1. Taking amide hydrogens as modeled 1.01 Å from N in the peptide plane, which residues meet the under 5 Å criterion relative to T376, leaving out close sequence neighbours?
2. Peptides 30-39, 259-268: what's the order by average Cβ count within 10 Å, highest mean first?
3. When only C-alpha pairs under 8 Å and at least 6 residues apart count, what is the relative contact order of the chain, in percent?
4. For the pair E368 and E174, how long in nm is the line joining their label points, each one 7 Å along Cα→Cβ?
5. Hey, rough spin-label estimate for V206 and A80, points 7 angstrom out along Cα→Cβ, what's it come to in nanometres?
6. Could you work out, for segment 16-130, what percent of all Cα-Cα pairs fall into each 5 Å distance bin, beginning at 0 Å and stopping at the bin that holds the largest distance?
7. Extending each Cα 7 Å along its Cβ direction at K88 and L361, get the distance between those two points in nm, one decimal.
8. Please compute the contact order of segment 68-208 in relative form: average sequence separation of alpha-carbon pairs under 8 Å and at least six residues apart, divided by the residue count, as a percent.
Amino acid sequence: MGQRLIYHLCMPAPTQTLVLTFEETRSVVEHHAAHVAPGAEETLDLLNAAGRVLAEPIAADRDIPPFPRSTRDGYAVRTADLAKLPAKLKVIGEIKAGPLQLPSNLNQGETFSIMTGAPAPPGADAVVMVEYTSQQADSVEITRGVAPGENIVPKAAEAKRGSLLLNKGTRLNEADIALAASVGKSRLQVFIRPRVAVLTTGDEIVEVAAAPGPTQIRNSNTYSLAVQIQQAGGEPVLLPIAPDEPCRLRQLIEEGLQSDLLIMTGGVSMGRYDLVEQVLAGLQAEFFFTGAKIQPGRPVVFGRCGAGSPAREGASASAPASKYFFGLPGNPVSTMVTFELFARPMLEALAGMPPHPLTFLHARLKSEIHIKTGLTRFLPAILSGKYEASQAELVPWQGSGDVGARSRANCYIVIPPDREHILAGEWVAIMPH
Ligand code: AMP
Ligand code: MG
């Protein structure tokens, strides 16, 4: 009774529903993501920068390679000397990787024994692999020819001094860190991680450590979201569980809007106590969509709170920047899917990454699928088999509340809304996770 009363006192009129196709919802998010600015920058040691987003462009500090580099152990030759095979050449020395000086010139009829990674001598235009040679004292017999340029990477072939190697906005993986190391960058300028508030709602939800009553459910969404936020380059800020009661819910939403992005779960369906949209409407939120024609995840909500300008842009003491929010459906698999499809691109943009399209892999379907048309489906599946014989198969599940099924899966099979019957052996789109 008391709860009903509060509901009537606090609630503005429910918002209009705006349900779009998957492609439409995704392009709405991409449009907004393209207009947000990343936050401040910090300087980190090379290793601590792994997984972070680069805030500066990185250029080659010298030619790469800095000298013509042998890619084999063998003999540096002038290919013209190998016109007739077998050929005999005079060995005038040995060049190992990292010699004190650059090697001297190679003249006609001569060769240097050379190691992988060593500088090729001026005059040499190829390296013959040691496997095709036999050396006796200072004479080597060569039994196979080589094409000009073979087994030598020319100076600056990989990058010229001053050329751009890593763009600002790159999420630094192991290859990027290696590249930065190779040009002497022991410290890197990166963007600070966006802070992403996580607010889970529902009277039935209790904390992990609590002993749940017979009708209560442990909070798992906060944890899956925190992991996904970290994987996407954000810093999760965990809020307490919000009850299905508008005044407390509003307090916690306002707290969540202090972060760079607010992600809520639960309370966005059509139930009488699904209050998230009404509370947001009371905060003068703008809604870009309130549903997507997808399964799982149909009731997903995307919008923005606060005055006009996009997050972080135009922030000032008098007019705080507006903040984006997502209301993700509470069913655990829906929460995970909708984070991946919609929240991730916005988070990545706030983290400083440029937009990139959602790409799917493809695999053959193992067992046929019958499904109703009208929704784009992202169904938990297992990709198995070896090499070219990889096959995908749906995981049996009890619907979008079945977190165990999602745990047993290793990907989603993506089914377009016009497909009703997909035969075994057909190619299907796969979204890995
Ligand atoms: P809702 O979107 O609020 O209607 O919730 C849909 C379903 O998801 C209900 O069965 C909830 O109990 C469940 N659910 C909501 N939030 C969570 C959560 N944080 N952890 C686990 N299950 C949840
Ligand atoms: Mg709920």
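1. F22, I294, Q295
2. Taking the mean over residues of other Cβ atoms within 10 Å, the ranking is 259-268, 30-39.
3. Reported relative contact order: 18 percent.
4. So the label points at E368 and E174 sit 4.4 nm apart.
5. With each label point 7 Å from Cα toward Cβ, the separation is 8.8 nm.
6. 2, 9, 14, 12, 8, 6, 6, 6, 6, 6, 7, 6, 5, 3, 2, 1, 0, 0
7. Between K88 and L361, the simple spin-label model gives 5.7 nm.
8. 27 percent
Any read-out appearing in this document is the output of simple, stated calculations on the displayed coordinates, not a laboratory observation. None of the values given here were measured: they were computed from a predicted structure. Because the Cβ atoms are built from the backbone with ideal geometry, glycine has one as well, and the counts that use them run over all protein chains shown.
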